[in-house]
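The values are calculated or read from the model by the stated rules, or taken from the named source; none is laboratory data. Since the model is a prediction, treat every value here as computed from it, not as a measurement. Cβ coordinates were reconstructed from backbone atoms using ideal geometry, including for glycine residues, and neighbour counts include every protein chain displayed.
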Amino acid sequence: MKKILKNIILGMGCLLLLVSCGPMNKKLANLDSDTSSFVKPGEGKNLSKNAQFYIYNSLFHSKPILGDNEITMRFVYANTLVSLSDKAKITVIYSMPEMPQMGEEKENATLQSDGTFLTTLFFSMAGRWHIILKIEDDSVQDEYAFEITL
């Protein structure tokens, strides 16, 4: 009986470990607008690949269009909810996976006075676009990848 109970507990522990690993770019449903002044109601809340930053991006809840799309982004450290420094650098790399001959486009986001970063992405055609946000603040680097479809 002890051996069976021990195996059940061990099995449940392994299951919990596997479930907690989850995907790297997971939505954070329990982060609400009271958590930080940088979290606005209705914005998408996502965790960067290496869990360094929460990312809030206007593309997460708006329909992109052909042509110029102004994108507003916020970043806070995941462990402290402190915003990035004014020396932070955000690079947006985007491309169409189905059209590799088009290459990649790169845009540097500009820090605004309210702590957000702003950039404009030009989507030249309808289809699936792969977007990578590269975040660099002092020695901390991370990225967040997602896709949109026009």
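In the set Tyr94, Tyr144, only one residue is out of contact with any Gly (no Cβ under 9 Å at 6 or more places or on another chain), part of a strand (DSSP E or B) and within 14 Å of Phe53 (Cα to Cα); that residue is Tyr144. Note on the range 124-141: residues that are assigned to a loop (DSSP other than H, G, I, E, B) and farther than 21 Å from Ser85 by Cβ total 4. Among the conditions (1) touching a Leu at 6+ places or on another chain (Cβ under 9 Å); (2) surrounded by fewer than 16 Cβ atoms within 10 Å (Cβ to Cβ); (3) at pLDDT below 95, the only one that Ile93 does not satisfy is (3). If only residues of the range 97-111 that are outside any strand (DSSP E or B) and aliphatic (A, V, I, L, M) are counted, the one that is modelled with the highest pLDDT is Ala109.
Which one is surrounded by the fewest Cβ atoms within 10 Å (Cβ to Cβ) among residues in the range 78-90 that are touching a residue at least 40 places away in the same chain (Cβ under 8 Å) and among the hydroxyl-bearing types (Ser, Thr, Tyr)? The extreme case among them is Ser85. Restricting attention to the range 100-150, the residues being free of Cβ contacts under 8 Å to residues at least 60 places away in the same chain, surrounded by 15 or more Cβ atoms within 10 Å (Cβ to Cβ) and β-branched (Val, Ile, Thr) number 3.
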